[in-house]
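Before any comments, here is the structure.
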Amino acid sequence: IEDSDYTIRSTLGVGGFGTVHLAAINSSGALVAVKELTLASSDLSPEDKAQKFTEFQREAHLMSSLDSPYLVKLYGITLRPQLRLVMEYIDGCDLYHLLHDPNFCDLHFPWSRRLSIALDIARGMSALHSCNPPIVHADLRSPNIFLAIERSPSERSIVGIRAKVADFGLSRRVFNYTQGMLSTWQWMPPEVLDSSGDCFFDERLDIYSFGIVLWEIFTRLEPYGDLPSTIDIPYEVCHHNPRPPIPP
């Protein structure tokens, strides 16, 4: 997709990968999200730049083979003047920010709606794991679940919420095992957090992460937020087996 085919309207967010923009397709006016890879920073070593490019390349390759209403769609890539992914735009927020929004009361978040979101995520992950070979997301967490929120004509009430799994920068196909330490430890299983030896895992690590996301949906709390910050929580998770407590 040429950069002249769309017009960038605003910036949606900035992360370690680069910048996400809101853009409009010139021919139709349809809104898209444009994820731009940034490699120009002087703070990045050649190794960091190579890793970021590899993640960008992997994300584009994997997303191009996916087609599910429960996964964010890739429409194409732009090569010049910047490397960009042109993706489906979800007009809502991510699950993490919804769960921790003090203005979003439980009255608008009944158990039926929570179950619907959980099922959408499960269906998206099933689409990944049903590929041959399976695709492991490897970074399933509430900030990577995008929500399409449907409101009433008066905008006073929420009619429905649909969830889509996003951010495939760490995803990869599982041929035998995947190896390597991952970040975002709150959602990672012990075998991934334990860096004392070789770290081998497959798509089943997403199941553990999904369990943590379920806990978030039903409690609206931070994973391990009850533990003091003075202790090495990832080490405790690996060796002493603490888990987020199940409320009464």
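The values are calculated or read from the model by the stated rules, or taken from the named source; none is laboratory data. Computed from a prediction, not measured in an experiment: that's the story for all the values here. Cβ coordinates were reconstructed from backbone atoms using ideal geometry, including for glycine residues, and neighbour counts include every protein chain displayed. These area figures cover heavy atoms from the full protein model, side chains too; ligands, DNA and RNA do not enter into them. Shrake-Rupley method; radii C 1.70, N 1.55, O 1.52, S 1.80 Å.
Looking only at residues in region 164-210 that are modelled with pLDDT of 60 or more, assigned to a strand (DSSP E or B) and crowded, with 16+ Cβ neighbours inside 10 Å, which one is nearest to the chain's Cα centre (by Cα)?
165
Take residue 37 and tell me if it is farther than 30 Å from residue 150 by Cβ and open to solvent by less than 20 Å² (accessible area, probe 1.4 Å). Before you say what the answer is, go through the steps one by one.
Working: farther than 30 Å from residue 150 by Cβ: yes; open to solvent by less than 20 Å² (accessible area, probe 1.4 Å): yes.
Answer is yes for this residue.
Hey, does region 47-56 have a residue that's surrounded by 12 or more Cβ atoms within 10 Å (Cβ to Cβ), free of Cβ contacts under 8 Å to residues at least 60 places away in the same chain and within 24 Å of residue 210 (Cα to Cα)?
no
On the given criteria, is residue 128 crowded, with 17+ Cβ neighbours inside 10 Å and within 13 Å of residue 148 (Cβ to Cβ)? Steps first, answer last, please.
Details: crowded, with 17+ Cβ neighbours inside 10 Å: yes; within 13 Å of residue 148 (Cβ to Cβ): no.
When the stated conditions are applied, residue 128 does not pass them.
Would you mind finding the one in 62, 71, 66 that is in contact with a Gly (Cβ under 9 Å, 6 or more places away or on another chain), of a type in the set (A, V, I, L, M, F, W, C) and under 25 Å from residue 122 (Cα atoms)?
On the way: 62 fails: in contact with a Gly (Cβ under 9 Å, 6 or more places away or on another chain); 66 fails: in contact with a Gly (Cβ under 9 Å, 6 or more places away or on another chain).
One residue alone meets the criteria, 71.
Can you tell me which residue in region 18-27 is farthest from residue 90 (Cα to Cα), limited to those that are touching a helix residue (DSSP H, G or I) at 6+ places or on another chain (Cβ under 9 Å) and open to solvent by less than 70 Å² (accessible area, probe 1.4 Å)? Show your work before the answer.
Just the residues of region 18-27 that are touching a helix residue (DSSP H, G or I) at 6+ places or on another chain (Cβ under 9 Å), to begin with: 18, 25-27.
Now narrow it down to the ones that are open to solvent by less than 70 Å² (accessible area, probe 1.4 Å): 18, 25.
Values: 18: 19, 25: 15 Å.
Only one residue fits best here, namely 18.
Among residues belonging to region 1-17 that are touching a residue at least 40 places away in the same chain (Cβ under 8 Å) and farther than 24 Å from residue 48 by Cβ, point out the one that is surrounded by the most Cβ atoms within 10 Å (Cβ to Cβ). First the steps, then the outcome.
Filtering region 1-17 for residues touching a residue at least 40 places away in the same chain (Cβ under 8 Å) gives 1-3, 6, 17.
Retained after the next criterion (residues that are farther than 24 Å from residue 48 by Cβ): 1-3, 6.
Working: 1: 16, 2: 9, 3: 16, 6: 23.
Among those residues, the one meeting the criterion is 6.
Which of the following residues is farther than 18 Å from residue 166 by Cα and at pLDDT 90 or above: 33, 24, 50? Before the answer, list the steps.
Values: 33 fails: farther than 18 Å from residue 166 by Cα; 50 fails: at pLDDT 90 or above.
After ruling out the rest, the residue left standing is 24.
Does residue 68 satisfy the condition of being farther than 21 Å from residue 184 by Cβ, open to solvent by 70 Å² or more (accessible area, probe 1.4 Å) and of a type outside the set (Phe, Trp, Tyr)? Explain how you work it out, then say what you get.
Numbers: farther than 21 Å from residue 184 by Cβ: yes; open to solvent by 70 Å² or more (accessible area, probe 1.4 Å): no; of a type outside the set (Phe, Trp, Tyr): yes.
Spelling it out, it is not the case that residue 68 is farther than 21 Å from residue 184 by Cβ, open to solvent by 70 Å² or more (accessible area, probe 1.4 Å) and of a type outside the set (Phe, Trp, Tyr).
Sort out which residues of region 91-119 are closer than 17 Å to residue 168 by Cα and of a type in the set (Asp, Glu), and write them in order of number.
94, the sole residue that qualifies.
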